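A.B. asks: This is the structure, below, for whatever I ask next.
The values are calculated or read from the model by the stated rules, or taken from the named source; none is laboratory data. Here the structure is a predicted model, which means the values were calculated and not measured. All Cβ positions, glycine included, derive from the backbone under ideal geometry; neighbour counts span all protein chains shown.
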Amino acid sequence: MAFKINEFRSSFVAGGEPASPANYEVSVLRKYLVPLVAGDKYRFENDVKFRCISCSLPGRLLNTTDRSTYGPNRKIVTSALYQDVTFSFIVSNDKNELNYFEEWHNFIVDNNVNAESDGFSHDVAYYDDYVGDITISLIDVKSEKKNRIKYTISLLEAYPISVEEIPLSWDNNNEFIRVNVTVAYRNWVQKI
């Protein structure tokens, strides 16, 4: 079949314009909130959609095993594997974004000095106490129904497994401090 430019163009008219990766927002919902600065524990969770400057929609792999009773092997699916997602946040002058994830880490593994033992306890919290949901929503900004959420993915039972180092440099005087946070989760679901 020969390529027809009119069919190519009409596919974009019928299916809509290509989606932009720049129109999204991120929401973090935790069961148990860790207090931030001066008891303002809800501030970051409300403002996170303005501070997240990059992230990815999650991927999913199918774990397979080779099976053969006779003839060529067949790949049989045994489970789904979910890839960690990395978020990048702009850090404000009050460092609430950085404090939020550091306190979340401290809640998961107690990294505070324990007066009884004169050291760090490193006690690990219960799984159900430190997980939450993170939602990534794609927003339609071009159609007549502007700012409508078109596609949403929820990372279920999510928690930060890595708060990456933050490079500082005298050369970067005109840039923002960013913190990259890698999140693990049990499963993701699409909400329409």
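A.B. asks: If Asp66 satisfies every condition in (1) modelled with pLDDT of 75 or more; (2) within 27 Å of Val131 (Cα to Cα) but one, which is the exception?
C.D. replies: Looking at each condition in turn, Asp66 falls short on (2).
A.B. asks: Also: Can you find, within region 47-101, the residue that is surrounded by the fewest Cβ atoms within 10 Å (Cβ to Cβ) among those that are closer than 15 Å to Trp188 by Cα and of a type in the set (S, T, N, Q)?
C.D. replies: Ranking the qualifying residues of region 47-101, first place goes to Ser79.
A.B. asks: Further question on the same structure: How many residues does region 1-36 contain that are modelled with pLDDT under 75 and in contact with a Lys or Arg (Cβ under 8 Å, 6 or more places away or on another chain)?
C.D. replies: Number of matching residues: 6.
A.B. asks: Next question. Filter region 167-192 down to the residues that are surrounded by fewer than 16 Cβ atoms within 10 Å (Cβ to Cβ), outside any strand (DSSP E or B) and not β-branched (Val, Ile, Thr) and list them by number.
C.D. replies: Across region 167-192, the qualifying residues are Pro167, Leu168, Ser169, Trp170, Asp171, Asn172, Asn173, Asn174, Glu175, Phe176, Arg186.
A.B. asks: I need a count of the residues in region 63-96 that are acidic (Asp, Glu) and in a strand (DSSP E or B).
C.D. replies: Residues meeting the conditions: 1.
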